Amino acid sequence: MTEFERLTKQLDPKKMPQHVGIIMDGNGRWAKQHLVQRLSGHLKGREVVRDIVVASDDIGLKCLTIYAFSTENWRRSTLEVKGLLKLNMESIKSNIDELHGNNIQVRYLGSKTRLDPDYERKMNEVCKKTWKNTGLKFNIAFNYGGRQEIVEAVNEIVSESPGTQITEEMIADHLYSKGLPDPDLIIRTSGELRLSNFLLWQSAYSELWFTSTLWPDFTRVDFVNAILDFQKRNRKFGAVK
Ligand code: FPP
């Protein structure tokens, strides 16, 4: 039995997180450590994404969101930005049939601003193709910023119903993540202890789990360990328990 299988057996199905978010950090540092280009770090990181998606399916997780490209990432060098955009599209194109075959629903969370229309069209195709799938919901936060998400939601509400009294439900219903449960657990790799504009609205009561492991070194065993740790936590949601 592998370590992953042994740990998976310890998971309590009644306490599975409904949704796990991952801030995949440390690709650049990994590349530096291995004396390779930053993009090689992202390429290695992509292999880990693939394995974590499969592992999520294996353990029966219902919803996974990865932070693949933030609105702040546009500030990186043109070479790195182009590389990340290409990497994302190629990864999805080459894995879409397998994802679809495994009943996985792929969805992009993010702003449409700044994206090339052709790129946006391809993203829409992927979402449309897998929309009716009922297995793992795999969300790719791409061109995503939590503050921008809230601003876009509020602007939509105001233009739909001018002068209306805005409620939490209305905002939640206009976020990119509309219809998804809030993340119960957010994992961040590479030792940084912050959210960096990831799922700001949705993470109000998320449990946070940090590891110093760099994303390209993160494994499915680390992933299950994070969930096991989550299952030990006492969640209060502001009440006394
Ligand atoms: C953060 O590390 C990582 C990113 C900004 C990009 C992550 C993208 C992938 C892993 C590929 C995504 C693949 C799919 C299938 C969507 P960093 O570059 O900030 O690392 P550093 O902090 O060490 O410099």
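Nothing in this text is a laboratory measurement; each read-out follows from the coordinates by a stated rule. Computed from a prediction, not measured in an experiment: that's the story for all the values here. Neighbour counts run over all protein chains shown; Cβ positions are idealised from the backbone, glycine included.
Pairs are defined by a Cβ separation below 8 Å, a sequence spacing of at least 6 or placement on different chains, a first member in the stretch 67-84 that is part of a helix (DSSP H, G or I), and a second member that is among the aromatic types (Phe, Trp, Tyr) and within 9 Å of the ligand (Cβ to nearest atom); the pairs so defined are 84/69. Among the criteria (1) surrounded by 20 or more Cβ atoms within 10 Å (Cβ to Cβ); (2) within 25 Å of residue 81 (Cα to Cα); (3) more than 15 Å from the chain's Cα centre (by Cα); (4) of a type outside the set (Lys, Arg), the one residue 153 does not fulfil is (2). In the stretch 117-138, the residues that are closer than 16 Å to residue 94 by Cα reach residues that are in a loop (DSSP other than H, G, I, E, B) and β-branched (Val, Ile, Thr) with C-beta atoms within less than 9 angstrom, at least six apart or across chains, in these pairs: 130/104; 138/104. Among the residues of the stretch 32-44, those that are touching a residue at least 12 places away in the same chain (Cβ under 8 Å) and more than 7 Å from the ligand (Cβ to nearest atom) comprise 33, 39, 43, 44. Among residues of the stretch 45-66 that are within 10 Å of residue 136 (Cβ to Cβ), those with a beta-carbon under 7 Å from a residue that is of a type in the set (Phe, Trp, Tyr) and more than 8 Å from the ligand (Cβ to nearest atom) at least six positions away or on a different chain give the pairs 53/138; 64/138.
Residue-wise test of (1) out of contact with any strand residue (DSSP E or B) (no Cβ under 8 Å at 6 or more places or on another chain); (2) within 16 Å of the ligand (Cβ to nearest atom); (3) charged (D, E, K, R); (4) assigned to a helix (DSSP H, G or I).
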{"position": "187", "(1), (2), (3), (4)": "no, yes, no, no"}
{"position": "191", "(1), (2), (3), (4)": "no, yes, no, no"}
{"position": "196", "(1), (2), (3), (4)": "no, yes, no, no"}
{"position": "200", "(1), (2), (3), (4)": "yes, no, no, no"}
{"position": "204", "(1), (2), (3), (4)": "yes, no, no, no"}
{"position": "208", "(1), (2), (3), (4)": "no, no, no, no"}
{"position": "221", "(1), (2), (3), (4)": "yes, no, no, yes"}
{"position": "225", "(1), (2), (3), (4)": "yes, no, no, yes"}
{"position": "230", "(1), (2), (3), (4)": "no, no, no, yes"}
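Would the stretch 5-25 turn up any residue that is in contact with a His (Cβ under 8 Å, 6 or more places away or on another chain) and either of a type outside the set (A, V, I, L, M, F, W, C) or in a helix (DSSP H, G or I) (or both)? Looking for residues that are in contact with a His (Cβ under 8 Å, 6 or more places away or on another chain) and either of a type outside the set (A, V, I, L, M, F, W, C) or in a helix (DSSP H, G or I) (or both), one finds none in the stretch 5-25, hence no.
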